Amino acid sequence: MAHPSIFGIVGACLALAACSQSAETPPDTPTPSPTMMPVEPDGGNGSGAPPLEAASQSTVKTMPSRLRGDWHKDDLGRAPGAEDCDPRLRGTIDWDRLITVDENGYSYFETGGRIMEVHNRTDTLIDATFDTTYADTPTQARLDFALQSNDTMAVNEDDGDGQMSTKQYIRCPKGTGS
């Protein structure tokens, strides 16, 4: 009994494959391009997603670190001292001239606000809507806090009449404040 050679079997398979390919795909049909795989956040190199600092500044829901701290309303005609930034030292109550900015928002007198939505943010400015709820009355306000070139802070608030009211603040000395 004769056994077909391996070369005969391989040749027959190749001939069959060529016939079936030419019957399915005409010779002038372009070869489809391969389907692209989606790119991972790390670019596919396995290093993980980019760090939070690389995220768009406008999406970060914290107050810029350069604005954080205690500030006194710029109405003294001079830089505030420790006694100006802590009214308890003088025995007076003028908390309405002080504002404290922390990571999540600000506190001012008997009010303040926590960030709800950020509209624009850089390392020296934030334009955001704040939850200013006081007692049981839900309220919100859109304010922007901006560090000025002279290291003062401007706080702009839309009073609802289309006009912005601006208050200027000077940073309190370190280790003072409320």
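Answer yes or no as to whether residue 96 is outside any strand (DSSP E or B) and either modelled with pLDDT of 90 or more or out of contact with any Ser or Thr (no Cβ under 6 Å at 6 or more places or on another chain) (or both).
The answer is yes for residue 96.
Condition check ((1) under 22 Å from residue 86 (Cβ atoms); (2) out of contact with any strand residue (DSSP E or B) (no Cβ under 7 Å at 6 or more places or on another chain)) across all residues:
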| position | (1), (2) |
| --- | --- |
| 105 | yes, no |
| 117 | no, no |
| 126 | no, no |
| 132 | no, no |
| 137 | no, yes |
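For residue 111, indicate whether it is buried (at least 17 other Cβ atoms within 10 Å of the Cβ) and among the polar types (S, T, N, Q). Break it down stepwise before answering.
Numbers: buried (at least 17 other Cβ atoms within 10 Å of the Cβ): no; among the polar types (S, T, N, Q): yes.
Against the criterion (buried (at least 17 other Cβ atoms within 10 Å of the Cβ) and among the polar types (S, T, N, Q)), residue 111 does not qualify.
Can you confirm whether residue 146 is in a strand (DSSP E or B) and at negative phi? Even if it seems obvious, please write down each step before you answer.
On the way: in a strand (DSSP E or B): yes; at negative phi: yes.
Yes, satisfied.
Using the structure shown, decide if residue 123 is under 18 Å from the mean Cα position of the chain (by Cα) and either of a type in the set (Phe, Trp, Tyr) or not in a strand (DSSP E or B) (or both).
Yes: the conditions hold for residue 123.
Return the pair list, or none, for Cβ contacts closer than 7 Å from residues in the stretch 98-111 that are over 15 Å from residue 66 (Cα atoms) to residues that are aromatic (Phe, Trp, Tyr) and surrounded by fewer than 17 Cβ atoms within 10 Å (Cβ to Cβ), at least 6 apart or on different chains.
Close Cβ pairs (under 7 Å, with a partner that is aromatic (Phe, Trp, Tyr) and surrounded by fewer than 17 Cβ atoms within 10 Å (Cβ to Cβ)) amount to 109/95; 111/134.
The values are calculated or read from the model by the stated rules, or taken from the named source; none is laboratory data. Just so it is clear, the structure is predicted and the values come from calculations on it, not from any experiment. Reconstructed Cβ throughout: ideal geometry from the backbone, glycine too, with neighbour counts over all protein chains shown.
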